[in-house]
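To start, the structure itself, in structure tokens.
The values are calculated or read from the model by the stated rules, or taken from the named source; none is laboratory data. Keep in mind it's a predicted model, so treat the numbers as computed, not measured. For neighbour counting, all protein chains shown are included, and Cβ atoms are generated from backbone atoms with ideal geometry for every residue, glycine included. These area figures cover heavy atoms from the full protein model, side chains too; ligands, DNA and RNA do not enter into them. Shrake-Rupley method; radii C 1.70, N 1.55, O 1.52, S 1.80 Å.
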Amino acid sequence: MQYSYVAIEGNIGSGKTTLAKMLSSDLDIKLILESFAENPFLPKFYDSPDKHAFPLELFFMAERYYQLKNKQEQDLFQPSLISDYFFMKSKLFAQNNLKDDELQLFNRLFDIMSSSILDPDLVIYLYSDVLKLQQNI
């Protein structure tokens, strides 16, 4: 593969994980999947978004950072990897969910973290219409 890091993005239900798994298997490269189910703030966020948005977004960003940083350092002899998310997603969601003061702190932490991980060589964005997304979900 000519790219050392490919990130796949798109809406929930667009097929990011399916495509990432297929490419990882076909190309025999490392796979990183977003682990949203382990976020303990997700159910709390759905109950009270204003109260739990900041810890929710920090947890997601920290988890994504940890995954990417560990995979980058694990195997120098198989440098290629594919993920079903793009780290920048953390910043985009934070912009939609956080208050101004929380967003300022989040952005500082994001800048620190993003400076020490690789940017993807290629980002694949999967688009699907809303009806198809609803069917997939």
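Are there chymotrypsin sites (Phe, Trp or Tyr not before Pro) in the range 92-137 that DSSP marks as loop and that have at most 10 other Cβ atoms within 10 Å, and which are they? Write out the running numbers ahead of the final one.
Values: sites: PHE93, PHE106, PHE110, TYR125, TYR127; in loops: TYR127.
Taking the range 92-137 and a limit of 10 other Cβ atoms within 10 Å, the loop chymotrypsin sites (Phe, Trp or Tyr not before Pro) found are TYR127.
Just want the answer: with Cβ charges of +1 for Lys and Arg and -1 for Asp and Glu, which residue in GLN104, GLN135, TYR46 is farthest toward the dipole's positive end in the chain?
GLN135
Taking amide H positions as placed in the peptide plane 1.01 Å from N, state which residues far from ILE32 in sequence (5 or more) or on other chains have amide H under 5 Å from it.
Amide H neighbours of ILE32, under 5 Å, 5+ apart: ILE82, SER83, ASP84.
Can you divide the C-alpha Rg of the range 3-60 by 2.2 N^0.38 Å and report the result to two decimal places? Write down the numbers at each step before the final one.
Working: Rg = 14.7 Å, N = 58, 2.2 N^0.38 = 10.3 Å.
The range 3-60 yields a ratio of 1.43.
Add +1 for every Lys or Arg and -1 for every Asp or Glu among the other residues with Cβ under 12 Å from the Cβ of ASP84, and state the total.
On the way: positive: LYS16, LYS21, ARG64, LYS89; negative: GLU9, GLU34.
Net charge around ASP84: +2.
Can you run phi through the Karplus equation (6.51, -1.76, 1.60; θ = phi - 60°) for the range 21-26 and list ³J(HN,Hα) in whole Hz, with x for Gly and Pro?
Ordered by residue, 3J(HN,Hα) equals 5, 4, 5, 4, 5, 5 Hz.
What FRET efficiency comes out for SER116 versus GLN2 if R0 is 25 angstrom and r is the Cβ-Cβ distance? Round to the nearest 0.05.
0.55
Indicate the gyration tensor shape class of the range 61-137 (rounded, prolate or oblate), computed on the Cα atoms with a ≥ b ≥ c the square roots of the eigenvalues: a/c under 1.5 is rounded; otherwise a/b larger than b/c is prolate and the rest oblate.
Details: a/c = 2.59, a/b = 1.08, b/c = 2.40.
Note, shape of the range 61-137 comes out oblate.
Under the √(5λ) rule applied to the eigenvalues of the Cα gyration tensor, what semi-axes describe the equivalent ellipsoid of the range 35-76? Give them in Å, descending. Please list the in-between numbers first.
Values: eigenvalues 144, 16, 4 Å².
Gyration-tensor ellipsoid for the range 35-76: 27, 9, 4 Å.
Using only Cα atoms and rounding to the nearest 10 degrees, what angle (0 to 90) does helix 88-97 make with the longest principal axis of the chain?
Once rounded, the angle reads 20 degrees.
Which value, in debye to the nearest 20, gives the size of the charge dipole of the chain about its Cα centre, when Lys and Arg are +1 and Asp and Glu are -1 at the Cβ?
The dipole of the chain has a size of about 120 debye.
If amide H atoms are built 1.01 Å from N in the plane of the peptide, which residues on other chains or at least 5 residues away come under 5 Å of the amide H of GLU9?
When sequence neighbours closer than 5 places are left aside, the close amide H contacts are ILE124, TYR125, LEU126.
Among GLN67, GLN104, GLN95, which one shows the biggest mean-square fluctuation in a GNM of the chain, springs joining Cα atoms closer than 10 Å?
Highest fluctuation among the options: GLN104.
Holding the Cα-Cα limit at 21 Å, pick out from LYS51/LYS99; LYS21/LYS71; LYS16/LYS91; LYS69/LYS99; LYS30/LYS69 the pairs that are longer than that.
Over 21 Å apart, Cα to Cα: LYS69/LYS99.
Applying the Karplus parametrisation 6.51 cos²θ - 1.76 cosθ + 1.60 with θ = phi - 60° to the phi angles of the range 120-137, what ³J(HN,Hα) value in whole Hz is obtained for each residue in order, glycine and proline being reported as x?
Result, rounded to whole Hz: x, 6, 8, 10, 9, 9, 9, 10, 8, 6, 4, 4, 5, 4, 4, 5, 5, 6.
Below 15 angstrom from the Cβ of ASP100, what's the summed charge of the other residues (Lys, Arg +1; Asp, Glu -1)?
Details: positive: LYS91, LYS99, ARG108; negative: ASP50, GLU57, ASP101, GLU102.
Around ASP100, the surrounding residues sum to -1.
Just to be sure I understand: of the beta bridges DSSP finds with both ends in the chain, what percent are antiparallel, rounded to 5? Walk me through the intermediate numbers first.
On the way: 0 of 11 bridges.
Once the DSSP bridges in the chain are tallied, antiparallel ones form about 0 percent.
Using a 1.4 Å probe on the protein heavy atoms, what percent of the accessible area of the range 29-137 belongs to carbon and sulfur? If you can, show how the numbers build up before the last one.
Numbers: 3990 of 6920 Å².
Carbon and sulfur: 58 percent of the exposed surface of the range 29-137.
Per q in 0.12, 0.18 1/Å, what log10 I(q)/I(0) does a Debye calculation on the alpha-carbon atoms of the chain return?
Taken in order of the listed q values, log10 I(q)/I(0) reads -0.52, -1.09.
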